Amino acid sequence: QVQLVESGGGLVQAGGSLRLSCTTSVSFFSINAMSWYRQAPGKLRERVARITTDGTTTYAESVKGRFTISRDNAKNTMYLQMNSLNPENTAVYYCRAQVRKYYYWGKGTQVTVSS
């Protein structure tokens, strides 16, 4: 069983920045890929960014150039640096880990961007 704990959410003004963290209960070397998802009120959950074990990253078009996904293997922690935030980025942000054919989710952290 893989446990994920997100942190770093909060309230920020438009144009501001936040850095989210996701710490896992197992070594990153056991995980095939990790992703950040978000879900805004009344909307479907969508993937924001993904990073694989070899460091390959992918981003949703809407966040390219503003968000950066990274990881610290020694700390078993993944990050999402979010810059130039706007109110449309308001959502609960979740991290997800893929271990072989299984997926594990954190409980999420709220990000609210005020205009």
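Observations on the structure shown:
- Of all the residues in segment 1-11, those that are assigned to a strand (DSSP E or B) and under 13 Å from the mean Cα position of the chain (by Cα) number 4.
- Pairs, first farther than 16 Å from residue 96 by Cα in segment 1-16, second of a type in the set (D, E, K, R) and crowded, with 17+ Cβ neighbours inside 10 Å, C-beta under 7 Å, six or more apart: none
- Filtered by the rule that a residue be small (Gly, Ala, Ser) and open to solvent by 70 Å² or more (accessible area, probe 1.4 Å), segment 64-115 gives 65, 74, 115.
- Of the residues making up segment 12-39, those that are within 20 Å of residue 104 (Cα to Cα) and either open to solvent by 70 Å² or more (accessible area, probe 1.4 Å) or assigned to a loop (DSSP other than H, G, I, E, B) (or both) are 25, 26, 27, 29, 31, 32.
- Qualifying residues in segment 44-56 (those that are of a type in the set (D, E, K, R) and free of Cβ contacts under 8 Å to residues at least 24 places away in the same chain) - the one least open to solvent (accessible area, probe 1.4 Å): 50
- Criterion (free of Cβ contacts under 8 Å to residues at least 24 places away in the same chain and of a type in the set (S, T, N, Q)) met by exactly one of 68, 77: 68
- Filter pass, residue 59 being surrounded by 13 or more Cβ atoms within 10 Å (Cβ to Cβ), free of Cβ contacts under 8 Å to residues at least 60 places away in the same chain and in contact with a strand residue (DSSP E or B) (Cβ under 9 Å, 6 or more places away or on another chain): yes
The values are calculated or read from the model by the stated rules, or taken from the named source; none is laboratory data. The structure presented is a predicted model; accordingly, all values stated were derived computationally and were not measured. Because the Cβ atoms are built from the backbone with ideal geometry, glycine has one as well, and the counts that use them run over all protein chains shown. Only protein heavy atoms, including side chains, enter the accessible area calculation; ligands, DNA and RNA are left aside. Shrake-Rupley method; radii C 1.70, N 1.55, O 1.52, S 1.80 Å.
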